[in-house]
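Note sheet for the following structure.
The values are calculated or read from the model by the stated rules, or taken from the named source; none is laboratory data. Quick caveat: nothing in here was measured; it's all calculated off a predicted structure. Here Cβ is always computed from backbone atoms with ideal geometry, including for glycine, and neighbour counts include all displayed protein chains.
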Amino acid sequence: MRNPNYTLGNHTIDHSNLRKISKAEVARIIVEEGELLEGLTGQTTFHFAVPFGEKPKAYFDWLKEDDFLGKYKMLSSLNVGWNPAPSPYDSNFNRYSINRITCGEDNCELHYWLDVLRDNPKRRYISDGNPRIVTVPVKKADDLMLAADDQRVPIIYDENGVIE
């Protein structure tokens with residue numbers, strides 16, 4: 001059963017360091033967890049959090065292979081992070097290399113970044129909740145990337161409000 005209020009993500013069946021095992025073993029432990037998730041959710045797609053943030057050098061090439069994970073499809077791949085990820089509409093966004101912020105109060109963990117964003121409101125990504133609108137600070141406007149057939153409306157703003 002699928003619940004739209006949360007997502008279960010894949011983190012491998014055994015939390016192995018992907019840099020220390022073969023490509024076949026990487027695929028096996030991701031697929032095995034995928035099978036478990038499919039049994040719980042009915043879904044064959046998932047978001048993946050890389051154990052220890054350790055990706056093999058060929059990781060991105062493997063993800064391009066249609067048969068790497070069999071019937072399973074990785075929607076995104078999360079790193080062990082240290083800073084907030086760019087917007088999915090930023091040209092620097094890579095869905096297979098998204099930084100995630102760990103919980104805690106140490107430098108670069110959740111409480112640190114909440115304080116940084118509280119003290120630097122111009123760094124925040126702003127949304128009015130309308131999925132047809134992409135709101136972008138003027139300093140990031142050149143990095144905005146929308147597909148040619150995308151129907152979203154970009155709203156550009158600066159410290160004085162909307163400018164475009």
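General remarks:
- Only one of 96, 72 that is hydroxyl-bearing (Ser, Thr, Tyr), farther than 30 Å from residue 155 by Cβ and within 19 Å of the chain's Cα centre (by Cα): 72
- Odd one out for residue 109 among (1) surrounded by 15 or more Cβ atoms within 10 Å (Cβ to Cβ); (2) touching a His at 6+ places or on another chain (Cβ under 8 Å): (2)
- For region 126-133, the criterion of a residue being aliphatic (A, V, I, L, M) and either touching a helix residue (DSSP H, G or I) at 6+ places or on another chain (Cβ under 6 Å) or at pLDDT below 80 (or both) is satisfied by at least one position.
- Selected residue (only one of 132, 123 is closer than 29 Å to residue 50 by Cβ and free of Cβ contacts under 8 Å to residues at least 40 places away in the same chain): 123
- Identity of the residue in region 44-61, among the aromatic types (Phe, Trp, Tyr) and surrounded by fewer than 16 Cβ atoms within 10 Å (Cβ to Cβ), that ends up nearest to residue 99 (Cα to Cα): 52
- Checked against (1) surrounded by 15 or more Cβ atoms within 10 Å (Cβ to Cβ); (2) within 23 Å of residue 102 (Cα to Cα), residue 7 meets all criteria but (1).
- Just one of the numbered conditions (1) modelled with pLDDT of 80 or more; (2) surrounded by fewer than 14 Cβ atoms within 10 Å (Cβ to Cβ); (3) closer than 28 Å to residue 49 by Cα is not true of residue 139: (3).
- Whichever residue in region 32-44 is touching a residue at least 24 places away in the same chain (Cβ under 8 Å) and under 19 Å from the mean Cα position of the chain (by Cα) and, among such residues, is nearest to residue 59 (Cα to Cα): 34
- Meets criteria (among the basic types (Lys, Arg) and either under 30 Å from residue 58 (Cβ atoms) or at pLDDT 85 or above (or both)) for residue 95: yes
- Residue in region 79-95 that is surrounded by the most Cβ atoms within 10 Å (Cβ to Cβ), counting only those that are over 18 Å from residue 106 (Cα atoms) and not small (Gly, Ala, Ser): 89
- Residue within region 57-67 that is among the hydrophobic types (A, V, I, L, M, F, W, C) and either touching a residue at least 40 places away in the same chain (Cβ under 8 Å) or within 30 Å of residue 111 (Cβ to Cβ) (or both) present: no
- For region 150-160, the count of residues that are touching a Pro at 6+ places or on another chain (Cβ under 9 Å), surrounded by 13 or more Cβ atoms within 10 Å (Cβ to Cβ) and within 25 Å of residue 8 (Cβ to Cβ) is zero.
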